[in-house]
Amino acid sequence: MSPGDEPYDCRTSCNRRFLTAALDRLGIEDEVRQLLLSSYCEARFELPLRREDGSLARYNAYRVQYDQSRGPFKGGLRFHEGVSMDEFCDLASAMTWKTAVADIPFGGAKGGIDCNPAELSRAELEVLTKRFVERLGPMIGPARDIPAPDMGTDEQVMAWIVEAYSKRYGNRNSIATGKPVALGGIAERTGATGEGVAKMTGWAVAAAGRDLAGTRVAVQGFGSVGSHAARCLSAKGAAVVAVSDSTSAVYRGDGLDIESMLDERRHQPEARVSELAVDADRLTANEVLTCDADVLIPAAVGGVINEDNADSLTATIIVEGANLPATYEADRILAEKGTRMVPDILANAGGVVASYIEWAQNRQGYRWRSARVEQELERILENAWTAVCNRARADGTGMRSAAYTVAVDRVRTAMMLRGF
């Protein structure tokens, strides 16, 4: 379901239900529970924009700051039609647990604008972005709230944010992450989420007593996250047997030539995956979820694995590259089947870890060597993986329950130490 198809209700969201279950497991008292279930600050305002055709358009803009017990608020900006306050509250909550399970010194936030960037000219998008920062300025800052790219935004939007903020508050490259390298960004961030997913997949396969080489992997979604994960896994010897985009999918039992597909995409950026692969069977976009594979990586949108199709999944390991791709009911069904689930707040944390590394360099005013960036990224992700695995063994639970328990416990501890 895309944002805007129907009203978003954070009270019934998967994240909310997973969070509530963690609060129950930890026996957290009602007063603290309410603080952990509530956002710190919610801002909504309207942005006027004089379009190039002379018409005046108005856009709803949002920023939700969920928790800052462990550090500054951190979260992406989503420019997409149909976004709402409820949706951003839920996403900001999920970001809080993601930064906590990764054990980096950030809290959680999320925000954006209810607009369709494709309908705006470059000049209009620049004006709208900078006007957003002008209104949001007092709420954000390198030590207060650090935006990053999300759906509908990219490094160019982050560059405009740096300019708009710096014009008023002085040069502050550390106001945003996911920036162009020329403005203090790091090249490694672009593929960090997908590469992190690939690392998690390798660890999950090893934990199951298998060798990654020859393991059959299906990747649902061939965007930034899915394509980087597929490339990394293919390079490590895994057989990426299926990939899909929103309208098509391809399957080849002995593995697709991912590098060739990516090379072809560089020449045809708008091509569907069915046009990128040769000597492969065509599937529907949904069939990639249930195709014959050992590992499934849902790396597109939320809710694609649900109670209607969970029983049909053949993969014994699922690594969630997307945010909340499995519903609460599907998670229960898969747990009963014995499917190993690597939850999104752990599996796709590579992006926010890379953002942390970028922010740390900006604050130091010193650029790290690429080898150090890669080393730190892997160290932080491996520590998070180990912490969740240890908690799962100690509690006798699955990895999702363990990840939420680790994250909530860390935030609760920081909150109690600070006092309120």
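Sequence-ordered 3J(HN,Hα) estimates for segment 225-241 from the Karplus curve with 6.51, -1.76 and 1.60 and θ = phi - 60° stand at 6, x, 5, 5, 4, 4, 4, 5, 5, 4, 5, 8, x, 5, 9, 7, 8 Hz, glycine and proline given as x.
Grab the DSSP H runs of the chain that are 4 residues or longer, score each as -39,500 (n - 2.57), total them, divide by all residues and round the 222 nm result to the nearest 500 deg cm²/dmol.
-14000 deg cm²/dmol
When only Cα pairs below 8 angstrom with a gap of at least 6 residues are kept, the chain shows a relative contact order of 16 percent. For the modelled label position 7 Å from the Cα of Arg363 along Cα-to-Cβ, which residues of segment 119-158 have backbone nitrogen atoms closer than 14 Å? The answer is 141-147, whose backbone nitrogens lie closer than 14 Å to the label point. In the chain, with Lys and Arg counted as +1 and Asp and Glu as -1 at Cβ, which of these residues, Val301, Gly27, Ile318, has the Cα nearest the positive end of the dipole, that is, farthest along it? So the residue we want is Gly27. The antiparallel fraction among DSSP beta bridges confined to segment 21-136 stands at about 85%. Sequentially through segment 272-278, phi angles give Karplus couplings (6.51, -1.76, 1.60; θ = phi - 60°) of 6, 4, 5, 9, 8, 9, 10 Hz, Gly and Pro residues having no value and appearing as x.
So how strong a dipole does segment 243-388 carry about its Cα centre when Lys and Arg Cβ are +1 and Asp and Glu Cβ are -1, to the nearest 20 debye?
780 debye
Equivalent-ellipsoid semi-axes for segment 87-186 (Cα gyration tensor, √(5λ), whole Å, largest first): 22, 17, 13.
Highest mean packing comes first when the peptides 250-260, 355-365 are listed by Cβ atoms within 10 Å, giving 355-365, 250-260.
With a threshold of 21 Å on the Cα-Cα distance, the over-threshold entries among Lys199/Lys337; Lys98/Lys236; Lys74/Lys130; Lys179/Lys236; Lys130/Lys167; Lys98/Lys167 are Lys199/Lys337; Lys98/Lys236; Lys179/Lys236; Lys98/Lys167. Taking the inverse of the mean reciprocal distance over all distinct Cα pairs, the Kirkwood hydrodynamic radius of segment 132-201 comes to 12.7 Å.
What residue among Ile258, Ala229, Pro138 has its Cα farthest toward the positive end of the dipole of the chain, where the charges are +1 on Lys, Arg and -1 on Asp, Glu, each on the Cβ? It is Pro138.
Stretching Asn171 away from Ala123 to a fully extended chain increases their span by 15.0 nm, per 0.36 nm per residue minus the current alpha-carbon distance. Dipole check for the chain: with +1 at the C-beta of Lys and Arg, -1 at the C-beta of Asp and Glu, and the Cα centre as origin, the magnitude is about 1780 Debye. Could you tell me which of rounded, prolate or oblate describes segment 281-330, using a ≥ b ≥ c as the square roots of the eigenvalues of the alpha-carbon gyration tensor, with rounded for a/c under 1.5 and, failing that, prolate when a/b is larger than b/c and oblate otherwise? Rounded shape, in that the Cα axes give a/c under 1.5. Note on segment 132-172: the alpha carbon radius of gyration divided by the globular reference 2.2 N^0.38 Å gives 1.09.
Translational D (Stokes-Einstein, µm²/s) of segment 1-135 at 37 °C and 0.692 mPa s when Rh comes from the Kirkwood sum over C-alpha pairs? Write down the numbers at each step before the final one.
On the way: Rh = 16.1 Å.
Calculated translational D: 204 µm²/s.
Applying Stokes-Einstein at 4 °C and 1.567 mPa s to the Kirkwood radius of the chain, computed over alpha-carbon pairs, gives a translational diffusion coefficient of 59 µm² s⁻¹.
When the alpha-carbon atoms of segment 100-252 are used, the pair Rg, Dmax equals 18.9, 55 angstrom. A simple spin-label model places pseudo-atoms 7 Å from Cα toward Cβ; at Ser55 and Ala394 they are separated by 5.8 nm.
What number results when the radius of gyration of segment 192-280, computed over Cα atoms, is divided by 2.2 N^0.38 Å?
On the way: Rg = 12.4 Å, N = 89, 2.2 N^0.38 = 12.1 Å.
Here the Cα radius of gyration is 1.03 times the empirical estimate.
Taking the charge dipole of the chain about its Cα centre, with +1 at Lys and Arg Cβ atoms and -1 at Asp and Glu Cβ atoms, the residue from Cys41, Val388, Gly76 reaching farthest to the positive side is Cys41. For segment 53-103, the direction-averaged projected area of the alpha-carbon convex hull comes to 4.5 nm².
Would you work out what percent of the accessible area of segment 195-295, with all protein chains in place, is carbon or sulfur (probe 1.4 Å)? Let's see the in-between values first.
Details: 1920 of 4320 Å².
Looking at segment 195-295 in its full context, I get 44 percent from C and S.
For segment 309-351, the set of GluC sites (Glu not before Pro) satisfying both a DSSP loop assignment and a count of at most 14 other C-beta atoms within 10 Å is empty. Binning all Cα-Cα separations of segment 302-420 at 10 Å, short to long from zero, yields these whole-percent fractions: 12, 34, 31, 17, 5, 0. Taking Cα centre as origin and charging only the Cβ of basic (Lys, Arg, +1) and acidic (Asp, Glu, -1) residues, the dipole magnitude of segment 30-93 rounds to 280 debye. When you count the other C-beta atoms within 10 angstrom of each residue and take the mean per peptide, 15-22, 391-398 line up highest first as 15-22, 391-398.
The values are calculated or read from the model by the stated rules, or taken from the named source; none is laboratory data. Worth saying up front: this structure is predicted, and the values here are computed from it rather than measured. Positions of Cβ are generated from backbone atoms using ideal geometry, with glycine treated the same way; all protein chains shown enter the neighbour counts. Ligands, DNA and RNA are stripped out before the accessible areas are found, and what is left, the full protein with its side chains, is counted by its heavy atoms. Shrake-Rupley method; radii C 1.70, N 1.55, O 1.52, S 1.80 Å.
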